[in-house]
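This report concerns only the one structure given below.
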Amino acid sequence: MKSRIRGGVAARAAVGMAKRGPVPLQATDVVGPQLPVPIPDRNRLPRVRKPSSGHDVIFAPTSDIEAHRAELRKAFGETLSDQFVETMMGKLISGLRPNHFDVLEEATLNAALAVIASFKPSSEIQAFLATQAVVAGFSAFRMMELSQRHLGEENIAVYGGYANRLLNLQNQLIETLNRHRRGNTQTVDVRHVHIHQGDQGVVGIVNAEKDGRGTGEDEK
């Protein structure tokens, strides 16, 4: 019997997702003497503040919000669009916290941003693929944890199976990203073989016969 998603469940899920959109970076909510001092560093990883693990609001870590926006633009494919960054942040957060009952800690979100930055995407499409790979990877972690929470055969089989699929999806996305970076190029491995006077060589495909002897289609 095939599993099906009932219409009411699908409708509620669609309504819930419609309420979650792009997540803009807001000015820091820290005031007074506790306000962090901006430290200029071009190689600094992107980082955000997320005071509550139960909502999607993020803040700049320091008062230099423009510097932090620039760091996020660089992490998401060196894009020039703040709207692209806000949209991808929304997708990243909703992927790491799929429903309103889930929590997403600041450290986890910043870890995901660090992984995206480690891909060093140079365009929006590369950032798009990197974000998908990160969401798939973190989701696989979650499924693996669920498979071991109650060490029963059903839990291991169901959640472990989902974890395996997500890890395969992550690897496929990474391979797709690498192929996009390489472009339509083909690598040819050329090797030089030196045959000295009096020796014999075979050039071509060598097939082994049943008695162990080899035959060459093209010979020297």
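The values are calculated or read from the model by the stated rules, or taken from the named source; none is laboratory data. These numbers come from a predicted model, not from an experiment. Here the Cβ is made from the backbone with ideal geometry for all residues, glycine too, and neighbour counts use every protein chain on show. With ligands, DNA and RNA removed, areas are computed over all heavy atoms of the protein, side chains included. Shrake-Rupley method; radii C 1.70, N 1.55, O 1.52, S 1.80 Å.
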Given 0.36 nm per residue, what is the gain on full extension from residue 57 to residue 142 after removing their alpha carbon distance, in nm? 28.4 nm
Hull-based mean projected area of region 108-165, where the convex hull spans the alpha carbons, in square nanometres: 4.2 nm²
Sorted by accessible surface (1.4 Å probe, heavy atoms of the protein chains only), largest first, 167, 113 come out as 167, 113
Taking R0 as 22 Å, what's the FRET efficiency between residue 74 and residue 100 from their Cβ-Cβ distance, rounded to 0.05? 0.10
Given the convex hull of the Cα atoms of region 22-162, what is a quarter of its surface area in nm²? 9.3 nm²
Residue-level accessible surface for residue 141, protein heavy atoms, 1.4 Å, Å²: 120 Å²
Using the basic label-point model (7 angstrom from Cα toward the beta carbon), what is the residue 111 to residue 156 distance in nanometres? 2.4 nm
Heavy-atom accessible area with a 1.4 angstrom probe orders 20, 179, 6, most exposed first, as 6, 179, 20
Heavy-atom accessible area order for 122, 94, 52, largest first, 1.4 Å probe: 122, 52, 94
Determine how large the accessible area of residue 81 is when every protein chain is in place; take a 1.4 Å probe and give Å² rounded to the nearest 10. 40 Å²
The whole-number value in µm²/s of the Stokes-Einstein translational diffusion coefficient for region 39-117, with Rh from the Kirkwood sum over alpha carbon pairs at 25 °C and 0.890 mPa s, is 191 µm²/s
Ignoring ligands and nucleic acids, what accessible area does residue 131 show with a 1.4 Å probe (Å², nearest 10)? 10 Å²
